[in-house]
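One structure is given here, and the rest of the page talks about it.
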Amino acid sequence: MEIILASGNKDKFRQLAIYFEQAGHVLVMPEKIIEIEENEATLQANAEKKALTYSAEYPGRYVLATDGGVKIVYLGDDWNHILTHRLSGRDKGQKMSERERCEMLLTMMKDAHGDDRLISWHEAYAVTKDGQILFSKEFFDEENDISVLLESIPPDFQETGFWLGYLWYEKKFGKHYMALTNEEKKSLDGRLSKLVRELEEKRVFV
């Protein structure tokens, strides 16, 4: 089954495509990238909004959308994980580079050390077809979705669409997430395995 990813993020596409391919599905990038304001109150609602928007553009096609955010306990009420990409609103609507986002988050965390630098990733997924929501759920993997925020930007940093991955340190492998091999990423992505398994069990793609 062919599924359209409601995103122009190539790194996200590569990450998801591996799991859907194993389940016998083909994930494809959209021909047209749609700018969508992610202003809902939850990750799940944002994912649904994106999936429905792309569904209207691609009638008769399955659409998969995601929305994720990092929770940072140390920052308390000063951080809203729903607005991770916008640095909890600190971007003030400005166009910021991914490096600038990294630098601003590191500045916010400059006095945090040890366990204060623990962070956790939460992600919601929604599937639609012809304007109907077929699946919607937020996932969190306690074993693999908790990590440590690095204290500086690594020298191999690149603008890939997932800036936070360069600050996400994986203790198991001793390197940041973006430096992991595909096999190493697969060993950590219990969330995606659960997602694909649940989609298959519920026979969402028929």
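The values are calculated or read from the model by the stated rules, or taken from the named source; none is laboratory data. Given the structure is predicted, the values throughout are model-derived calculations rather than measurements. Positions of Cβ are generated from backbone atoms using ideal geometry, with glycine treated the same way; all protein chains shown enter the neighbour counts.
Can you list residue pairs whose Cβ atoms sit under 8 Å apart, with the first residue in segment 170-191 being free of Cβ contacts under 8 Å to residues at least 24 places away in the same chain and the second being in a helix (DSSP H, G or I) and among the acidic types (Asp, Glu)? Count only pairs 6 or more apart in sequence or on different chains.
Cβ pairs passing all conditions: GLU170/GLU184; PHE173/GLU184.
Which one is surrounded by the fewest Cβ atoms within 10 Å (Cβ to Cβ), of the residues in segment 153-172 that are among the aliphatic types (A, V, I, L, M) and in a loop (DSSP other than H, G, I, E, B)?
Selected residue: ILE153.
Working only within segment 110-147, note down all residues that are hydrophobic (A, V, I, L, M, F, W, C), farther than 20 Å from TYR19 by Cα, crowded, with 17+ Cβ neighbours inside 10 Å and under 21 Å from the mean Cα position of the chain (by Cα).
ILE119
Among what's in segment 173-189 and is part of a helix (DSSP H, G or I) and charged (D, E, K, R), pick the residue that is surrounded by the fewest Cβ atoms within 10 Å (Cβ to Cβ).
GLU183
Please list, ordered by first then second residue, the pairs with beta carbon atoms under 8 Å, 6 or more apart or interchain, first in segment 92-118 and over 21 Å from GLY76 (Cβ atoms) and at pLDDT below 90, second of a type outside the set (Phe, Trp, Tyr) and in a helix (DSSP H, G or I).
MET96/LEU87; MET96/MET104
Across segment 1-16, what is the total count of residues that are under 13 Å from MET178 (Cβ atoms) and touching a His at 6+ places or on another chain (Cβ under 6 Å)?
Residues in segment 1-16 being under 13 Å from MET178 (Cβ atoms) and touching a His at 6+ places or on another chain (Cβ under 6 Å): 0 in total.
For a quick check of your reading of the model, give me the residue pairs whose first member lies in segment 1-25 and is over 16 Å from VAL127 (Cβ atoms), whose second is in a helix (DSSP H, G or I) and not charged (D, E, K, R), with beta-carbon atoms closer than 8 Å and at least 6 apart or on different chains.
Hits for this filter: ASP11/GLY165; GLN15/LEU192; ILE18/ASN182; GLN22/VAL196.
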